[in-house]
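Asker: Below is a structure I'd like to ask you about.
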Amino acid sequence: MPDPRTNKVSCSSYHCEIEVTLEVLRGKWKALILWNLHQHEVVRYNELRRLIPNVSQKMLTQQLRDLEDHHLISRTVYNTVPPQVEYRLTEAGFALIPIMESMDQWGKKYVTYYSELEKDEAEAE
């Protein structure tokens, strides 16, 4: 686990394990990073920038470091000019994929539900 002074995950202040999961995945981009690594297996840094175009370089770097600190992804640096960096899911990262697939399915159903709800409300007016 990461340093307990700088990372809440190491603390024992959680009421349930769902809080730990949410803490590890907190941040706008982590789920998208993990999902893209699952879809493409091995991804270079610049490929991630293209796959997630709205993320800033600073935020992508920060989120990747957090995921690496939590052992959800691994980072391989090749000694080339310029340096080549590749990311892939670890075993712990792969373990999150069924959860993310469920989230994907729920999101699709919710979008349909919400669209129908808005349509019904518009027709009622």
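The values are calculated or read from the model by the stated rules, or taken from the named source; none is laboratory data. No experiment lies behind these values; they were computed from the predicted model shown. Cβ atoms come from the backbone with ideal geometry, glycine included; neighbour counts cover every protein chain shown. Side chains are part of the model used for accessible areas, which takes the heavy atoms of the whole protein and leaves out ligands, DNA and RNA. Shrake-Rupley method; radii C 1.70, N 1.55, O 1.52, S 1.80 Å.
Asker: Any idea which of (1) closer than 14 Å to ALA31 by Cα; (2) modelled with pLDDT of 95 or more; (3) open to solvent by less than 80 Å² (accessible area, probe 1.4 Å) is the one ASP104 doesn't satisfy?
Answerer: Of everything listed in (1) closer than 14 Å to ALA31 by Cα; (2) modelled with pLDDT of 95 or more; (3) open to solvent by less than 80 Å² (accessible area, probe 1.4 Å), ASP104 misses just condition (2).
Asker: Being open to solvent by 70 Å² or more (accessible area, probe 1.4 Å) and among the aliphatic types (A, V, I, L, M) is the filter here; which residues of region 83-101 pass it?
Answerer: Result: ILE99, single match.
Asker: Within region 28-60, which residues are among the basic types (Lys, Arg) and within 12 Å of ARG88 (Cβ to Cβ)?
Answerer: ARG44
Asker: A follow-up question, please. Counting only residues that are assigned to a loop (DSSP other than H, G, I, E, B) and either closer than 18 Å to LEU96 by Cα or among the hydroxyl-bearing types (Ser, Thr, Tyr) (or both), which one in region 11-32 is modelled with the lowest pLDDT?
Answerer: SER12
Asker: The conditions are (1) open to solvent by 100 Å² or more (accessible area, probe 1.4 Å); (2) modelled with pLDDT of 95 or more, and LEU60 fails exactly one of them. Which is it?
Answerer: Unmet for LEU60, out of (1) open to solvent by 100 Å² or more (accessible area, probe 1.4 Å); (2) modelled with pLDDT of 95 or more: (1).
Asker: Right, next: Which pairs have Cβ atoms under 6 Å, sit 6 or more apart or on different chains, and link a residue in region 33-62 that is more than 22 Å from GLU101 (Cα to Cα) to one that is open to solvent by less than 60 Å² (accessible area, probe 1.4 Å) and of a type in the set (A, V, I, L, M)?
Answerer: These pairs meet every condition: TYR45/VAL85.
Asker: Which ones in region 62-89 are over 13 Å from the mean Cα position of the chain (by Cα) and part of a loop (DSSP other than H, G, I, E, B)?
Answerer: ASN79, THR80, VAL81, PRO82, PRO83
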